[in-house]
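First comes the structure, then the notes that go with it.
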Amino acid sequence: MEPLVKHGGYERVVFSNDIFIEAESIVELLDTKGGDYDMACGLDFGCWGLYDLWVIRDRLGRIASTLWPYFLEDAGFRGVMANEPAPVFACWNGIISARADPFLPVGLRAGQLSTSPFTHPLVETHPAYPRPANLTPATTPPVRFRASVPGECYSSESFNLPYDLRRQFDLQAMYVNPRVINAYEWKWYLWHKYLMRHWAVKWWIEWVENGNGIHLAKMVLGDPAKIWQWDGGECHPW
């Protein structure tokens with residue numbers, strides 16, 4: 001981050017985990033929605049399908065499924081089915097591209113952030129509460145990777161970053177790009193990038209299966225007789 005925060009001059013910042021991904025996919029990520037986004041993520045995969053369910057949330061803040069098309073919420077559901085960017089509340093999933101200004105000192109920013117007052121109050125559980133009345137997204141101090149604090153719902157730093165971009169910088173245009181496939185193991189990268197996207201498999205999934213049964217998809221941790229669903233608590237959108 002040192003060249004970025006010392007000198008500025010960047011429009012986008014990319015963070016990547018230790019993943020298998022192709023250069024063309026990174027270009028695809030940067031060009032999500034023709035560049036009209038605040039933050040965009042790829043999709044990371046493992047043996048069961050979509051991997052990082054700990055972070056990703058649909059547009060309404062709900063937990064996703066490992067199974068295609070991943071979301072129950074209609075806009076995300078239809079976006080993934082059309083192989084187009086799908087709106088989400090939060091994501092990380094191997095690799096992200098985001099506006100650079102939130103990471104920069106105020107004096108080095110390029111005007112990507114609003115100078116208008118915030119449209120939503122900062123919740124009391126947020127570590128930056130209380131927010132000064134004269135603060136705007138453009139004058140908010142740089143965002144930092146952070147752990148959850150007491151009183152917040154327990155989340156990873158990968159979740160807290162998009163959460164803070166929304167809460168502290170009023171950046172709401174976040175998308176998952178289903179064309180940006182990545183994985184942490186070579187075998188699962190080959191499986192999901194190529195085998196699962198063979199024309200015959202794609203035809204079956206998109207035209208025969210067509211998302212049938214996605215509403216039944218669940219990942220159960222522990223005893224199924226004692227199942228409960230965490231709703232994310234305060235980490236949900238407004």
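The values are calculated or read from the model by the stated rules, or taken from the named source; none is laboratory data. It should be emphasised that the depicted structure is a prediction, and the values quoted were computed from it without experimental measurement. Here Cβ is always computed from backbone atoms with ideal geometry, including for glycine, and neighbour counts include all displayed protein chains.
Each row is one residue, and each column tells you yes or no for (1) of a type in the set (S, T, N, Q); (2) surrounded by 13 or more Cβ atoms within 10 Å (Cβ to Cβ); (3) out of contact with any Leu (no Cβ under 8 Å at 6 or more places or on another chain); (4) within 26 Å of Asp36 (Cβ to Cβ).
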position: Pro132; (1), (2), (3), (4): no, no, yes, no
position: Pro142; (1), (2), (3), (4): no, yes, no, yes
position: Ser148; (1), (2), (3), (4): yes, yes, yes, no
position: Arg166; (1), (2), (3), (4): no, yes, yes, yes
position: Leu171; (1), (2), (3), (4): no, yes, no, yes
position: Asn177; (1), (2), (3), (4): yes, yes, no, yes
position: Met196; (1), (2), (3), (4): no, yes, yes, no
position: Ala200; (1), (2), (3), (4): no, no, yes, no
position: Trp207; (1), (2), (3), (4): no, no, yes, no
*Val55 versus (1) β-branched (Val, Ile, Thr); (2) surrounded by fewer than 22 Cβ atoms within 10 Å (Cβ to Cβ); (3) modelled with pLDDT under 95; (4) touching a Ser or Thr at 6+ places or on another chain (Cβ under 6 Å): which is the lone unmet condition?*
(2)
*For region 87-146, enumerate the residues that are among the acidic types (Asp, Glu) and at pLDDT 90 or above.*
Asp101
*For Leu60, work out the one condition from (1) surrounded by fewer than 17 Cβ atoms within 10 Å (Cβ to Cβ); (2) assigned to a loop (DSSP other than H, G, I, E, B); (3) touching a Ser or Thr at 6+ places or on another chain (Cβ under 9 Å) it doesn't fulfil.*
(3)
*Based on what the data block shows, is Cys91 more than 12 Å from the chain's Cα centre (by Cα), under 15 Å from Arg57 (Cβ atoms) and of a type in the set (A, V, I, L, M, F, W, C)?*
no
*Check region 184-194 and report whether any residue there is surrounded by 13 or more Cβ atoms within 10 Å (Cβ to Cβ), under 20 Å from Asp58 (Cα atoms), under 22 Å from the mean Cα position of the chain (by Cα) and modelled with pLDDT of 65 or more.*
no
